Every structure is written in C-alpha cells, then in structure tokens.
Amino acid sequence: MPTDSSLMLAPTPIAGESPSSWLHRLSLLHGRGAQTLLHSVGIRKMKDPDITLTSQQFGSLVRETNVSASMVAHLGTIYEPLRESRYRRLLRHDDRGRPVYAFCPECLASDETPYLRIAWRFTHWDICPTHRIRMCYRCLGCEAPLLAMRPPQKFYLADLRRCSMCASDLTLQSADRLPQEEICGSLRIQAALANTLLLGHCFIEGHPERVPLDFLMHALSTRQLDGTGIRDTPLTPQFRLLCHDGQMFFLFLNFLGTRGESFPDVT
Ligand SMILES: [Zn+2]
Ligand SMILES: [Zn+2]
C-alpha cells in the first residue's frame with residue numbers, strides 16, 4: 001500500500017454526523033478498513049478517530065477528491081472538549097476498551113444515507129428521542145459492537161445499515177416503544193448532557209465562572225445530579241445538586257449548543 005496517496009473520492013459530511021461515521025462511509029466507498037485508509041494518507045496507528053483525528057488530517061483524507069478540506073474540517077473539532085484521557089468514560093467504549101457507538105435501528109432505516117449521530121458516542125445517550133426506543137449496543141447476528149473504526153473485511157456492503165463484522169441488517173433489530181410520559185425527563189437530561197459535553201463547560205448557581213466538565217463528571221459519578229429536581233426554562237435546564245452538607249445548588253447544563261448544524265436535533 002503506497003503512503004501519502006490521494007483517495008480520489010470521498011463522501012460529503014452529513015449535518016449531525018460524527019467523525020467516525022464519515023470515516024466508515026469513506027471506508028465503505030473504497031472497500032478498505034479504516035486503519036488501511038488512514039495509513040494510505042500517512043496517518044499511522046489510530047485508536048479513536050473521534051478524539052484523535054485533527055481537522056488537518058481530515059483535510060489530508062480528502063486531498064484531490066470531490067470534497068474540499070473546509071467541508072470536513074469541523075469533523076476534527078466536534079469532540080474537542082473531550083480529548084483529555086480523563087474524559088474517556090463520557091464516551092462509549094466496549095469491554096475491551098475499543099471506541100464504540102450505540103445505534104438506533106429505526107434512525108438507520110429511515111436515513112437516505114445511513115450515518116452515525118454525534119450523540120450516539122456518548123455514554124449517557126440511552127434513548128432515541130426521535131423514535132422513543134432504547135439505543136442498541138450490539139449486532140444481534142454476531143453480538144459485535146458497532147466499532148468506531150471499521151475493520152477490514154473481504155466484502156464491503158453498501159452502507160452503515162450492515163454490521164461491519166457479519167453483514168447482518170442492523171435495521172431489523174426491534175425495540176419496544178417507550179411511553180412518552182416515562183422518558184420525558186430522561187430525554188431532556190441526555191440532551192442537556194450531550195450539549196454540555198460538546199461545549200465543554202456548565203454553570204453552577206451563584207458562580208459567575210464557567211465550570212469545567214470535571215465537576216460534572218464528579219456529580220455524575222457520585223450520583224449527585226438529581227434529574228427529578230429539574231426546573232426547565234426554554235434555554236437552560238437546571239439540575240438540583242445533592243450535596244452531603246445540606247447545601248443546595250443548581251447545575252445549569254447547556255440545552256442549546258452553539259455548534260449549530262453539527263449537532264443532531266435532540267428534541
Ligand atoms: Zn431513532
Ligand atoms: Zn454482526
């Protein structure tokens with residue numbers, strides 16, 4: 001395999017698509033595993049493309065293709081606030097530590113071009129807000145997770161609807177529809193968490209400065225974040241913080257991100 005070569009063709013990024021998703025589609029287009037593709041443009045060993053690949057490296061993948069570097073530059077910045085290894089558990093990994101995605105079979109089935117949403121990589125994203133079903137984590141055909149890095153295969157099928165290991169149709173996995181009244185709070189919390197992670201900060205009542213994600217991680221791991229105390233305003237949901245010393249604070253998560261079209265509709 002020659003290095004530093006041009007790929008000639010690349011997919012156009014879809015609004016709300018994750019970096020790994022675009023890499024999957026590039027992989028399918030060329031019939032090669034993701035690692036081989038990256039190697040072909042001089043990018044060596046890559047474990048987690050979502051947090052590691054830079055805008056410049058995405059640019060090198062589309063050099064001399066139908067897609068310009070400026071069209072893929074944003075892919076290198078989406079998960080930027082989560083690059084530090086201490087934020088690793090906010091992103092989904094399998095039990096072998098590989099970066100993986102959850103997926104909604106009904107979203108994939110309804111896509112004109114199937115793609116992985118940015119929020120599907122987040123550990124706390126459990127319910128599809130569009131279809132009100134629990135996210136799937138494995139292919140039912142072979143039990144394989146949906147890896148962020150598409151592995152090399154003998155045959156490359158048409159699109160992301162097919163399991164990258166056994167080619168089963170992921171859209172055939174069924175799930176029970178969840179009652180709207182039961183999931184309303186969960187949906188708002190996961191949407192607010194997702195936006196907060198993408199922005200990289202939150203606020204605490206009475207504290208004028210932005211609070212880093214470390215605080216949110218601590219609140220999540222010690223179960224201090226109380227979703228039942230939610231008091232919504234149109235722009236900023238508030239979550240009650242349960243403090244052991246009896247003090248009461250409210251944590252303001254970011255419900256509406258500022259990244260515009262790069263974030264999926266989470267309503
Ligand atoms: Zn869905
Ligand atoms: Zn499979």
### Message
Which residue is nearest to Tyr101 (Cα to Cα), if the candidates are limited to the stretch 165-182 and must be assigned to a helix (DSSP H, G or I) and away from ligand 1 (no atom under 13 Å from the Cβ)?
### Response
Leu172
### Query
In the stretch 169-184, which residues are away from ligand 2 (no atom under 16 Å from the Cβ), at pLDDT 90 or above and of a type in the set (A, V, I, L, M)?
Leu178
### Query
Out of the stretch 139-168, which residues are modelled with pLDDT under 95, of a type outside the set (A, V, I, L, M, F, W, C) and more than 16 Å from Ser21 (Cα to Cα)?
Gly141, Gln153, Lys154, Ser168
### Summary
Ala73 fails exactly one of (1) touching a helix residue (DSSP H, G or I) at 6+ places or on another chain (Cβ under 6 Å); (2) open to solvent by less than 30 Å² (accessible area, probe 1.4 Å); (3) assigned by TED's automatic domain parsing to the domain that holds Leu160, namely (2)
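Find the residue count for the stretch 145-164, including only residues that are without any contact (Cβ under 8 Å) to a residue 40 or more places away in the chain and buried (at least 17 other Cβ atoms within 10 Å of the Cβ). Before you say what the answer is, go through the steps one by one.
Applying the first criterion (without any contact (Cβ under 8 Å) to a residue 40 or more places away in the chain) to the stretch 145-164 yields 154-155, 162-163.
Of the ones still in play, those that are also buried (at least 17 other Cβ atoms within 10 Å of the Cβ) are 162-163.
Residues that pass the stated criteria total 2.
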### Task
Scan His30, His24 and give me the residue that is over 30 Å from Asn195 (Cα atoms) and at pLDDT 90 or above.
His30
### Task
Among the residues of the stretch 76-103, write down those that are without any contact (Cβ under 8 Å) to a residue 24 or more places away in the chain and surrounded by 12 or more Cβ atoms within 10 Å (Cβ to Cβ).
Thr77, Arg88, His93
### Query
Of the residues that make up the stretch 146-164, is at least one in contact with a Ser or Thr (Cβ under 9 Å, 6 or more places away or on another chain) and either near ligand 1 (Cβ under 10 Å from one of its atoms) or acidic (Asp, Glu) (or both)?
yes
### Message
Restricting to the stretch 37-53, name every residue that is open to solvent by 50 Å² or more (accessible area, probe 1.4 Å) and either assigned to a helix (DSSP H, G or I) or at pLDDT 95 or above (or both).
### Response
His39, Thr52
### Query
Can you tell me which residues in the stretch 104-122 are open to solvent by 50 Å² or more (accessible area, probe 1.4 Å) and free of Cβ contacts under 8 Å to residues at least 40 places away in the same chain?
Ser110, Glu112
### Query
Is at least one residue of the stretch 124-144 buried (at least 18 other Cβ atoms within 10 Å of the Cβ) and farther than 22 Å from Ser186 by Cα?
yes
### Message
Looking only at the stretch 168-187, how many residues end up being in contact with a Gly (Cβ under 8 Å, 6 or more places away or on another chain) and either open to solvent by 60 Å² or more (accessible area, probe 1.4 Å) or assigned by TED's automatic domain parsing to the domain that holds His131 (or both)?
### Response
1
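The values are calculated or read from the model by the stated rules, or taken from the named source; none is laboratory data. Everything quoted here is computed from the prediction, not taken from an experiment. Positions of Cβ are backbone-derived with ideal geometry, glycine not excepted, and every protein chain shown enters the neighbour counts. Note: areas computed on protein heavy atoms with side chains; ligands, DNA, RNA excluded. Shrake-Rupley method; radii C 1.70, N 1.55, O 1.52, S 1.80 Å.
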